[in-house]
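A quick write-up on the structure given underneath.
The values are calculated or read from the model by the stated rules, or taken from the named source; none is laboratory data. Only a predicted model underlies this, so the values are computations on that prediction, with no experimental measurement involved. Glycine gets a Cβ as well: all are built from the backbone with ideal geometry, and neighbour counts include every protein chain shown. The area values use the complete protein model at the heavy-atom level, side chains included, leaving out ligands, DNA and RNA. Shrake-Rupley method; radii C 1.70, N 1.55, O 1.52, S 1.80 Å.
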Amino acid sequence: MKNLYYAILLIALFSSCVSSKKYSTFVNEKLKADFISKDSVQNKDWLIINTDKITQAENQYNQLKSSFIPAVLYWGWNSTIECTIDPSITASLIKNSIYHAADSLNLLEKAKGKQIVINLKQVPGKFLYENKGTAIIFLIAYSVSGQESISPASLGLMADFETKTGNTINMTGEVSIPNTEQPLNNIWKSSKKFTWAYLDEYKKQSERMGTELVLQLMQNL
């Protein structure tokens with residue numbers, strides 16, 4: 001009987017399937033609290049960052065799989081959700097990191113009086129949330145296996161740039177920053193805390209991309 005109690009407890013912990021509607025509240029709450037800045041950095045006269053090619057859209061949550069089988073001796077579940085963060089939110093985050101990096105790395109001195117125009121064309125922001133597993137209950141034993149994971153898409157940062165003196169274009173080029181995010185597995189955290197931990201890493205990655213864009217740009221000037 002004790003084995004049965006343990007089995008039921010583990011099943012309850014692992015198999016609490018998260019719907020796309022519920023999962024969206026986890027992500028939206030975190031984005032609103034830590035991603036959307038009320039004091040967005042403004043363009044400088046010598047450094048213009050355009051995000052016109054980054055379309056604004058609502059965060060999207062597409063339920064790819066949703067199944068739950070509560071049988072007498074066998075339980076199975078699978079909730080797979082494809083998530084896309086509004087690209088304009090990430091673009092704003094990267095834009096701010098570019099300006100901060102430009103100040104700390106003294107990009108103005110490297111520009112030597114030229115105006116720099118950066119056009120963001122692609123930003124990261126898509127990932128897959130999965131919660132799946134099985135539970136088998138025997139008369140004297142039980143077996144429970146489950147996995148909750150987040151796998152980011154390999155979308156990196158892409159931009160083009162030009163330097164200008166007045167109305168004369170001196171140089172044009174492209175910059176591509178790879179996305180080095182790694183898949184994460186949940187280790188005894190709630191689904192909400194696990195998702196927030198991933199989004200913290202996602203934010204750091206986005207800021208890193210903005211800094212690396214400035215570093216690549218300085219090598220081209």
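General remarks:
- If only residues of segment 166-221 that are in contact (Cβ under 8 Å) with a residue 40 or more places away in the chain and of a type in the set (Gly, Ala, Ser) are counted, the one that is nearest to residue 87 (Cα to Cα) is 206.
- Pair list, Cβ < 8 Å and 6+ apart or interchain, from segment 24-36 residues that are assigned to a helix (DSSP H, G or I) to residues that are among the small types (Gly, Ala, Ser) and crowded, with 18+ Cβ neighbours inside 10 Å: 26/191
- Residue in segment 108-161 that is modelled with the lowest pLDDT, counting only those that are part of a strand (DSSP E or B) and charged (D, E, K, R): 132
- Filter result (open to solvent by less than 30 Å² (accessible area, probe 1.4 Å) and among the hydrophobic types (A, V, I, L, M, F, W, C)) within segment 82-105: 83, 85, 89, 91, 93, 94, 98, 101, 102
- Selection within segment 150-159 - over 30 Å from residue 79 (Cα atoms) and either out of contact with any Asp or Glu (no Cβ under 9 Å at 6 or more places or on another chain) or open to solvent by less than 30 Å² (accessible area, probe 1.4 Å) (or both): 159
- Residue list for segment 169-206, restricted to those being of a type in the set (Lys, Arg), in a helix (DSSP H, G or I) and out of contact with any Leu (no Cβ under 8 Å at 6 or more places or on another chain): 192, 193, 204
- Single match in 11, 81 (criterion: in contact with a Phe, Trp or Tyr (Cβ under 7 Å, 6 or more places away or on another chain) and modelled with pLDDT of 70 or more): 81
- No other residue among 167, 131, 185, 220 is within 30 Å of residue 21 (Cβ to Cβ), open to solvent by 60 Å² or more (accessible area, probe 1.4 Å), more than 11 Å from the chain's Cα centre (by Cα) and of a type in the set (S, T, N, Q) apart from 185.
- Number of positions in segment 14-34 that are modelled with pLDDT of 85 or more and either surrounded by 11 or more Cβ atoms within 10 Å (Cβ to Cβ) or of a type in the set (Ser, Thr, Tyr) (or both): 13
- Residue check, residue 81 touching a residue at least 60 places away in the same chain (Cβ under 8 Å) and over 22 Å from residue 216 (Cα atoms): yes
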